[in-house]
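The values are calculated or read from the model by the stated rules, or taken from the named source; none is laboratory data. All values reported here derive from a predicted model rather than from experimental measurement. In this analysis, Cβ positions are derived from the backbone assuming ideal geometry, glycine residues included, and neighbour counts consider all displayed protein chains. SASA here: full protein model, heavy atoms, side chains in, ligands and nucleic acids out. Shrake-Rupley method; radii C 1.70, N 1.55, O 1.52, S 1.80 Å.
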Amino acid sequence: MDEQRNETPYRYGATLANELEERWQRAWDDAGAYRTLNPGEPGFQADRPKFYCLDMFPYPSGAGLHVGHPLGYIATDIVCRARRMQGFNVLHPMGWDAFGLPAEQYAVQTGVHPAVTTRKAIETYRRQLKRFGFCYDWSREFATIDPEYYRWTQWIWLQCYGAWYDADAQRARPIAELEAELEAGRRQPEGPSWASLDAVGRQAYLDRHRLAYLGEQTVNWCPKLGTVLANEEVIDGKSERGGYPVLRMPLRQWMFRITAYAERLLSDLDLVDWPDSTRTMQAEWIGRSEGAEIDFDVPGFGMLRVFTTRPDTLFGATYMVVAPEHPLVDAAIKAGGEHASTVREYAALSANRSDVDRQADSKQKSGVDTGLRAVNPATGEAIPVWTADYVLMGYGTGAIMAVPAHDERDFAFARAFGLPVRQVVQIDGVVFDGNAATSGHGAACNSSGPNCSIDGLDTTKAKAAVIEWLMKTGRGARRVNFKLRDWLFSRQRYWGEPFPIVYDETGRHHPVSERALPVLLPELADYKPIESDVPMPPLGKATDWVNTTAGEAGVDSSVLAPSTPVRRETNTMPGWAGSCWYYLRYCDPANKSRMLSNESERYWLQSQRSNGTMHAGGVDLYIGGAEHAVLHLLYARFWHKVLFDLGHVGTPEPFGRLFHQGMLTAYAYQRQDGSLVAVDQVEERGGTHHERGGGPVTQVIAKMSKSLRNVINPDDVIAEYGADTFRLYEMSMGPLEASKPWNTRDIAGVHRFLQRVWRLALDERTGGLLVARQADPAVERLLHRTVHKVTGDIDRLAFNTAIASMIEFVNAATRPQDMKDPADGGLTHAQLERFVRVLAPFAPHAAEELWSKLGGSGLVVHAPWPIADPAMLVDDEVEIAVQLMGKVRARIMVPTKADATQIESIALGHPDVLVHLAGKSPRKVIVVPGRMVNLVL
RNA sequence: GCCGGUGUGGCGGAACUGGCAGACGCGACGGAUUCAAAAUCCGUUUCCCCUUAAAGGAGUGCAGGUUCGAUUCCUGUCACCGGCACCA
C-alpha cells in the first residue's frame, strides 16, 4: 500500500488537498486577493458594476460551526467568485452577531465572562470559516460587541429617539420640527392646546411621539431568564430560548414605534425580490385588516368604541365583550352593583393567567357579565356588556361587538352563556340553522331599523352603507387595523448595548450627546441576571456607573448642567439591535466620524436596474435561514426605513434579493415502537438496517442532535477530504433552498470527481501536466455547453446541476485506461484553462493549483470568466422521438434546422414506424421541431 | 383550524415555457487490472412479465379531468415539513 502510494505521490487525496488548500489560502491572504476597494480608494475601478452579496452573519456559540452554517456561505462564495471573474466589484463581508442571550446564558453557566467566551467563540468560528477558503474581505470584519460598532447602534437609537412619525407626510421627521410646528401653531396637538401646556406637559407630549419612546405596557416577564421578552420571542407562553414560563405584567420600557410603519412595511414587500413564503409571513405578521370603528353608548359610562371588520353585521350584534384589562371593567367594578365582585374576580384571574393557560382552553370560553348595558346604534336595543379573555386588549380597541350568528368565537361564547343569536347575513347555498356560525360573503337580512336599512345588500355594499351611515351620524368611521404591535426594546440583561440615555432626579430622561458615544458597557464581575418576580437589571449592580453626573455621562450642557446628578438607564438593547444595520457598516467599517460615508452608501447600496430605475434595496443577494423570515428581517427593514426617512440612506429597502438556504438534516433510525436509536448503534446488513443486538430499524430523517450522535463536525470532513470536496458535496446535495439529509457516504462521489479532474490534467506519479495534442471536436462542443450551463446555473443558484454538468464533462473528456500516449486524449492546454476557470468558484483551491501548473497569468480568482460560443451550443443533427399515440416507437436523427414537413416525412419513413402503423395512415401528425413527433391514429 | 411548501428508482436528486421520466452522484451487481486486496477504469442497474434474446405492459403520493401529449395545468383527496393560531 505504501509502495503504491509512493508511486502516485501526486494523486488528489486528503493529504494533497489539505496541503495545497492551506498553501493557497496563505497565498490569497498575502496577495490581498479578496480585498475590496471603496470608491475614492487608490486603484478603485469605478467603471465596473457592483455586487453586494451578504450572508446572515453567525451568532458564534461555544459549540463551533456545524455543517449547516457553511451551506449558505458556500453558495454566496460561489456567486461572488463568479461575479468577480465576470468583472464586478464584489462586496462580500463577514462578521459576528455577538451580543445577546445565549452568550450570556452560557457565561452564567460556565462562570466565565461573556466577553471572554464570546471572543473565544469568534476565534473558533473565524478559524473554521477561513479553512473553507471563502472569499470574504476580512479587512471589513467586525463584531456587534465592538465599541466602535455599537457606538453607531446607539447613534441610530438616538436618531429614533429624536424623531417622530408625521402621519400626513407618511414619514419620520426630526422631533424638533414637530416642536417648532406646535410652537408656531401650524400643527394642533391631540388633546389640550399647546398654549395650555406647561413645560413638563409639552415635554411629555413630545416624548409620547418619539419613534423610540418609553411606554408602559403589559410585557412578557420571564423570571428564569430575568428579562422581558418581545411578543415574538414568546412561543406558547414560554420563552423561545430555554422554554421557560413567561408572566405578563405592566412595565415601563423602551419601545419602538414600528406600528407607524405598518402600512409601508406591508406595501414595500412588493418592491423586493424575496421568496413568496417570506413575504406572506411578513404580511400576515403585520396583519392588516380593514373595517370600521363604532361607538356604542353605555349609559352612565360614556362611549364604548369597538373595531370590526364586519360593520355590515351591526344588526346582529347581540352583546358586547371587552378585554379584562379594558378601562370599562375597572369602571364597572368601581360603580359597584351586583356584578362587581364577580367581575373583579374574573379580571384578577385573567391578569394572572399565562398565555399558555389562556390558549389551552381557547375552545372553552370564559367570561362574566359586567352588568353594564350598551345601546346598539342600529337597532336601539340595550345589549349586555361582558368581559372575557378571548378579547385581547392589545388589538383594536380591546372591545368588540359580538355577532354570534356570523363569528365562530362569538358563537361559542353565546352558546356557553345563553346569549341570543340573530342571523343578519344570508350566504348563498348555506342554510343558517342556529347550530353554527356562518361566516363569509352574502346578502344582509334582518337588518332594517328606524335609522338605517341594508337588507338585501351584498356584504361589500352593506359594509359601505353602514360606514356611511356611521360617519354621517358621528358614531363611527372607516378604520384600518394591524396585528403588528410596537416593538419592546428593553432587556434586563447584562450582555447588550447600553442605552445612551440618563434620568434626572425627577425621573425625566435626557439623551447622551452623539459626541459622547459610545456609552461603554461597564465591566461587571457579577453579571448574573437577578431571578425575581420584579425586573431588576444586572447593570444596576454597577452603582458607580449608574449614579453619575450629566457631564460625566456626556449629556450636552445645553440640556442639563454638567454637575446635575443623573442615573443611567440600566436596561440594555435586545440581541436584534446589532443585526438591524450591520449590512450598512460593512460598506465603510472603519469610518470614525459617520455610520458610513455617503459615497460608500451610494455605491454599494443604491443599484440601478438596467432600465435606469432604482432598485428597491441595497444588498444584491442576501442569503440566510428562513427562521429569520419575520423577526430579523422585519426589524432591519424598519430601521432602514427610519434611516431612509431621516436622509441617512437612499433606498427604501435594505435587501433587494433574499434567498433562504434549506436545513441540513441527518438520518436517524427508528425501532418498531417509534423510539429513535443513535446512529452508532445501527448496522447495515444486506441492505436493511438493524440495531446492534436488536431488531430491525427503519431509516428516518431527523434533525442533527447530540443524543442521536448524527452531528457532523466540518473540521473532520475537511481533514478527511479537503475543503474543496466539502464545498462540492454540500452544493451537490440538492437545491439550495431544499432541506436535505447529510449522508457521509455520498461525499466520495464528488471527491472522486476532483480526482478525475486531477488525473485529466496531471500525471499522478510526476505531478507533470498532461495535455492533449489536439482538441476532440465533440469534447470542445461539450465544453462550450458546460460553460454555458454552469454560467446560467450560478445565476439561478442551481449549484447541484452546475456540478452535475461539470462531472458529465470530465467523464466525457477522461482518457480511456488503455490509452498509451496521454497526448492522444484528454483536454488541450487551452481547454483545461477554460474548464479550470468554471471549476474555480466551486473548488477554488484545486482550481488555483491547476491554474498555476497551467501557467495561467495571475490568480485564477481574478481570471476572466469564460464565455460560451452560441454557435457551439447547437448540433447539426438532433435525435428526436417518434411517438404513436403518445408512446415512443422510434428515434430518428434529423438536421437541427429541419422544418416540420421534413421531419414528418423522415418519421413516416422509419421502418419501426411503418411496422407500428401497419398500413394505416395517421389521422393527425404533431411535429415539434427539435423535440418530437406524435402520430395520432 | 388557517396559510405556505413538498411528495419522482434501494437512497440524495434531475427534467428551463405541457414534448423522449429517472441527468449527476451514492449504493448494488458484473467485468478488467492484481498473487490477493485497496484504489482505479469499463459495463449493468425504475418495476413487472417472459427470458438466451427480442418484444410487451405499468410507472412521478392517491382518484379524476383538460390535452395529440401531463412530473409539469385544473378539481378532489392523503401524507409529511414549515409558519400562524381567539387579531374581531
**Request:** Answer yes if at least one residue in the range A:818-832 is touching a residue at least 12 places away in the same chain (Cβ under 8 Å), more than 15 Å from A:R759 (Cβ to Cβ) and either outside the structural domain of A:G855 (by TED's automatic domain parsing) or near RNA strand B (Cβ under 8 Å from one of its atoms) (or both), and no otherwise.
**Result:** no
**Request:** Would you confirm whether any residue within the range A:385-400 is modelled with pLDDT of 95 or more and more than 14 Å from RNA strand B (Cβ to nearest atom)?
**Result:** yes
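When you check A:T506 against the structure, is it under 30 Å from A:N220 (Cα atoms) and of a type in the set (S, T, N, Q), yes or no?
Values: under 30 Å from A:N220 (Cα atoms): yes; of a type in the set (S, T, N, Q): yes.
Yes, satisfied.
Would you please name the residue that is modelled with the lowest pLDDT, looking only at residues in the range A:217-240 that are part of a loop (DSSP other than H, G, I, E, B) and open to solvent by 30 Å² or more (accessible area, probe 1.4 Å)?
First pass over the range A:217-240, keeping only residues part of a loop (DSSP other than H, G, I, E, B): A:223-226, A:230, A:236-237, A:240.
From what's left, open to solvent by 30 Å² or more (accessible area, probe 1.4 Å): A:224, A:236, A:240.
Details: A:K224: 80, A:D236: 64, A:E240: 72.
Among residues in the range A:217-240 that are part of a loop (DSSP other than H, G, I, E, B) and open to solvent by 30 Å² or more (accessible area, probe 1.4 Å), the one modelled with the lowest pLDDT is A:D236.
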**Request:** Just one of (1) in contact with a His (Cβ under 6 Å, 6 or more places away or on another chain); (2) more than 12 Å from RNA strand B (Cβ to nearest atom); (3) without any contact (Cβ under 8 Å) to a residue 60 or more places away in the chain trips up A:S439, so point out which.
**Result:** (2)
**Message:** Testing A:R171 on (1) closer than 30 Å to A:A843 by Cα; (2) of a type outside the set (A, V, I, L, M, F, W, C); (3) open to solvent by 30 Å² or more (accessible area, probe 1.4 Å), one condition comes back false. Which one is that?
**Reply:** (1)
**Asked** Looking at A:L269, A:L265, which one is at pLDDT 95 or above and assigned to a helix (DSSP H, G or I)?
**Response** A:L265
**Prompt:** When you look at A:T308, is it among the polar types (S, T, N, Q), touching a Gly at 6+ places or on another chain (Cβ under 8 Å) and at pLDDT below 95, yes or no?
**Reply:** no
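Output the number of residues of the range A:473-523 satisfying the condition of being part of a loop (DSSP other than H, G, I, E, B), among the aromatic types (F, W, Y) and over 27 Å from A:G111 (Cβ atoms). Let's see the steps before the verdict.
Step one: list which residues in the range A:473-523 are part of a loop (DSSP other than H, G, I, E, B), which gives A:473-475, A:483-486, A:489-490, A:492-497, A:499-500, A:504-508, A:512-513, A:517-523.
From what's left, among the aromatic types (F, W, Y): A:489, A:494-495, A:499.
Among the residues that remain, those that are also over 27 Å from A:G111 (Cβ atoms) are: A:489, A:499.
Going through the range A:473-523 one residue at a time, the tally reaches 2.
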**Prompt:** Which number in (1) part of a loop (DSSP other than H, G, I, E, B); (2) open to solvent by less than 90 Å² (accessible area, probe 1.4 Å); (3) more than 16 Å from RNA strand B (Cβ to nearest atom); (4) within 26 Å of A:A82 (Cβ to Cβ) marks the one condition that A:Y59 misses?
**Reply:** (4)
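Per-residue answers, yes or no, for (1) in contact (Cβ under 8 Å) with a residue 40 or more places away in the chain; (2) open to solvent by less than 10 Å² (accessible area, probe 1.4 Å); (3) of a type in the set (D, E, K, R):
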{"position": "A:V116", "(1), (2), (3)": "no, no, no"}
{"position": "A:T124", "(1), (2), (3)": "yes, no, no"}
{"position": "A:G133", "(1), (2), (3)": "yes, yes, no"}
{"position": "A:Q159", "(1), (2), (3)": "yes, no, no"}
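Here's the yes/no breakdown for (1) assigned by TED's automatic domain parsing to the domain that holds A:A14; (2) touching a Leu at 6+ places or on another chain (Cβ under 9 Å); (3) at pLDDT 90 or above:
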{"residue": "A:L728", "(1), (2), (3)": "no, yes, yes"}
{"residue": "A:M731", "(1), (2), (3)": "no, yes, yes"}
{"residue": "A:V779", "(1), (2), (3)": "yes, yes, yes"}
{"residue": "A:L782", "(1), (2), (3)": "yes, no, yes"}
{"residue": "A:R785", "(1), (2), (3)": "yes, yes, yes"}
{"residue": "A:T791", "(1), (2), (3)": "yes, no, yes"}
{"residue": "A:A802", "(1), (2), (3)": "yes, no, yes"}
{"residue": "A:M806", "(1), (2), (3)": "yes, yes, yes"}
{"residue": "A:R815", "(1), (2), (3)": "yes, yes, no"}
**Prompt:** Which residue out of A:A14, A:A82, A:A31, A:A46 is open to solvent by less than 20 Å² (accessible area, probe 1.4 Å) and either at pLDDT 90 or above or not aromatic (F, W, Y) (or both)?
**Reply:** A:A82
**Fill in**
Pairing a residue in the range A:796-810 that is more than 16 Å from A:A75 (Cβ to Cβ) with any residue that is open to solvent by less than 40 Å² (accessible area, probe 1.4 Å), where Cβ atoms lie under 6 Å and the two sit 6 or more apart in sequence or on different chains, gives A:S805/A:T786; A:I807/A:F753; A:F809/A:T786; A:V810/A:V757
**Prompt:** In the range A:790-817, which residue that is more than 8 Å from RNA strand B (Cβ to nearest atom) and not in a helix (DSSP H, G or I) is surrounded by the most Cβ atoms within 10 Å (Cβ to Cβ)?
**Reply:** A:L797
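Is at least one residue of the range A:532-550 assigned to a loop (DSSP other than H, G, I, E, B) and over 22 Å from A:R252 (Cα atoms)?
So in the range A:532-550, the residues assigned to a loop (DSSP other than H, G, I, E, B) come out as A:532-537, A:542.
Of the ones still in play, those that are also over 22 Å from A:R252 (Cα atoms) are none.
There is no residue in the range A:532-550 that is assigned to a loop (DSSP other than H, G, I, E, B) and over 22 Å from A:R252 (Cα atoms).
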**Asked** With A:S579, A:S532 as the choices, which residue is at pLDDT below 90 and open to solvent by less than 30 Å² (accessible area, probe 1.4 Å)?
**Response** A:S532
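Filter the range A:718-759 for residues that are under 16 Å from A:E22 (Cβ atoms) and open to solvent by 10 Å² or more (accessible area, probe 1.4 Å); which is nearest to RNA strand B (Cβ to nearest atom)? Reasoning before the result, please.
The first filter runs over the range A:718-759 and keeps only residues under 16 Å from A:E22 (Cβ atoms), leaving A:718-727.
Those still in the list that are open to solvent by 10 Å² or more (accessible area, probe 1.4 Å) too: A:719-721.
Working: A:A719: 18, A:E720: 13, A:Y721: 12 Å.
If we take residues in the range A:718-759 being under 16 Å from A:E22 (Cβ atoms) and open to solvent by 10 Å² or more (accessible area, probe 1.4 Å), then A:Y721 is nearest to RNA strand B (Cβ to nearest atom).
Tell me, which residue of the range A:905-916 that is open to solvent by less than 60 Å² (accessible area, probe 1.4 Å) and within 13 Å of RNA strand B (Cβ to nearest atom) is farthest from A:V787 (Cα to Cα)? Walk me through how you get there before you give the answer.
Step one: filter the range A:905-916 for residues open to solvent by less than 60 Å² (accessible area, probe 1.4 Å), giving A:907-910, A:913.
The next check asks that each one be within 13 Å of RNA strand B (Cβ to nearest atom); those that pass are A:907, A:913.
Details: A:A907: 33, A:V913: 37 Å.
The residue in question is A:V913.
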**Asked** Restricting attention to the range A:778-789, does a residue exist that is open to solvent by 50 Å² or more (accessible area, probe 1.4 Å) and part of a loop (DSSP other than H, G, I, E, B)?
**Response** no
**Message:** Being closer than 30 Å to A:P518 by Cα and open to solvent by less than 20 Å² (accessible area, probe 1.4 Å) is the filter here; which residues of the range A:471-494 pass it?
**Reply:** A:W487, A:L488, A:F489, A:S490, A:R491, A:Q492, A:R493, A:Y494
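A quick yes/no check of all residues on (1) more than 14 Å from RNA strand B (Cβ to nearest atom); (2) open to solvent by less than 30 Å² (accessible area, probe 1.4 Å); (3) on the phi > 0 side of the Ramachandran plot; (4) polar (S, T, N, Q):
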residue	(1), (2), (3), (4)
A:A351	yes, no, no, no
A:L372	yes, yes, no, no
A:T379	yes, no, no, yes
A:I427	yes, yes, no, no
**Complete:** Residues in the range A:407-422 that are open to solvent by 10 Å² or more (accessible area, probe 1.4 Å), more than 9 Å from RNA strand B (Cβ to nearest atom) and not in a loop (DSSP other than H, G, I, E, B) total 4
**Prompt:** List the pairs whose first member sits in the range A:263-289 and is under 15 Å from A:H628 (Cβ atoms), whose second member is of a type outside the set (F, W, Y) and away from RNA strand B (no atom under 15 Å from the Cβ), and whose Cβ atoms are under 7 Å apart, counting only residues at least 6 apart or on separate chains?
**Reply:** A:V272/A:A616; A:V272/A:G617; A:V272/A:E653; A:V272/A:G656
**Message:** Suppose we keep only residues that are near RNA strand B (Cβ under 9 Å from one of its atoms) and under 28 Å from A:T786 (Cβ atoms) within the range A:874-900. Which one would you say is least open to solvent (accessible area, probe 1.4 Å)?
**Reply:** A:I880
**Asked** A:A772: surrounded by fewer than 17 Cβ atoms within 10 Å (Cβ to Cβ) and assigned by TED's automatic domain parsing to the domain that holds A:H845, yes or no?
**Response** no
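Any chance the range A:848-857 includes a residue that's in contact with a Pro (Cβ under 9 Å, 6 or more places away or on another chain) and not in a loop (DSSP other than H, G, I, E, B)? Quick ask: steps written out before the conclusion?
Applying the first criterion (in contact with a Pro (Cβ under 9 Å, 6 or more places away or on another chain)) to the range A:848-857 yields none.
For the range A:848-857, residues in contact with a Pro (Cβ under 9 Å, 6 or more places away or on another chain) and not in a loop (DSSP other than H, G, I, E, B): absent.
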